[in-house]
1. What is the Å³ per residue value for the convex hull set by the Cα atoms of the stretch 99-250?
2. What list of ³J(HN,Hα) couplings, whole Hz, do you get for the stretch 233-238 from phi and the Karplus terms 6.51, -1.76, 1.60, once you set θ to phi - 60° and write x for glycine and proline?
3. Using the Karplus equation 6.51 cos²θ - 1.76 cosθ + 1.60 (θ = phi - 60°), what ³J(HN,Hα) coupling, rounded to whole Hz, does each residue of the stretch 129-137 give in order, writing x for Gly and Pro?
4. Using alpha-carbon positions, what is the distance between the centroids of the stretch 171-200 and the stretch 113-140, in Å?
5. Rounded to the nearest whole Å³, what is the per residue volume of the convex hull around the Cα atoms of the stretch 89-157?
6. Keeping every protein chain in place, order Thr146, Thr233 by accessible area at 1.4 Å, biggest value first, i.e. largest first.
7. Given N residues in the stretch 189-250, what is Rg(Cα) / (2.2 N^0.38 Å)?
Amino acid sequence: MVGTLTGCFSASSVVDEGLDSAADAAGEQVGKALGAEIVRAANLPPPGSARYDQVMVQQAQIMFSYAFSAGGVWPAEAQYESGEWASYQVRAAEGETALDTLERAFLKRTDDGNEWWRVRGVQGGETWVYEALLDPEQEEVLRMRTRDPKGKVGEVPVAEKTVYRPPQRLTEESVEGATTGTEQVEIPAGTFTARRVEYSGMGSGGTVTWFLSDEVPGHVVRYQASRNGNRYTSSLVDYGTDATTRLSSY
């Protein structure tokens with residue numbers, strides 16, 4: 001099941017507001033996570049406290065939602081090999097940058113078939129790194145190590161069925177049926193000839209569009225999602241094959 005696990009930080013005046021917004025987004029489709037506030041580094045509780053762990057987990061819920069899903073679904077052929085990574089820039093409807101960088105990387109498969117993934121988000125000079133061990137059969141996070149913007153690295157307690165909710169995987173036949181043709185897509189990572197795959201009527205009049213190219217890990221060079229009046233566009237800025245742990249996770 002390699003690669004089948006498939007993407008806005010804004011300031012919060014108080015910790016509780018950020019926590020409440022993150023909790024509302026937890027386990028929901030990406031459309032509901034749009035606009036959710038996440039605690040900024042200056043407002044983080046003290047490391048080692050239960051409140052700190054809660055913030056880091058709830059923040060991861062939103063980041064994993066953006067990184068592994070668009071409108072709650074993802075193309076079936078989106079596959080990664082060990083070491084492959086892709087980095088995107090996420091923009092909101094008005095063109096403002098929600099995330100300078102959103103990276104997802106498949107680090108390795110363990111001997112027992114579990115998978116190490118990394119999600120890294122950068123916004124406004126703050127970098128948040130999450131490395132998670134996922135069980136691809138149960139589709140849940142088993143372990144998670146983090147590094148906050150202040151450089152604090154550590155293990156964060158993870159309860160069952162939290163952090164990550166898998167998207168619905170579209171069948172290859174469905175993706176083929178929704179393909180409307182090919183387009184030249186100019187993005188920060190270059191110019192690609194990409195297949196356009198689009199669905200409408202998702203949720204409350206939502207739409208989701210992918211631009212797919214076999215040249216990049218996961219095949220996705222750009223994706224757009226809108227739901228309930230919220231919209232974002234995620235464009236590929238870089239990719240590679242040399243990803244490994246940055247947090248001594250294994």
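The values are calculated or read from the model by the stated rules, or taken from the named source; none is laboratory data. No experiment lies behind these values; they were computed from the predicted model shown. Remember, those area values only see protein heavy atoms, side chains included, never the ligands or the DNA or RNA. Shrake-Rupley method; radii C 1.70, N 1.55, O 1.52, S 1.80 Å.
1. Spread over its residues, the Cα hull of the stretch 99-250 gives 152 Å³ apiece.
2. Calculated HN-Hα couplings, in order: 10, 10, 10, 5, 10, 6 Hz.
3. Those phi angles translate into 10, 10, 10, 10, 8, 10, 8, x, 7 Hz.
4. 26 Å
5. 106 Å³
6. Order by accessible area, largest first: Thr233, Thr146.
7. Rounded to two decimals, the normalised Rg is 1.42.
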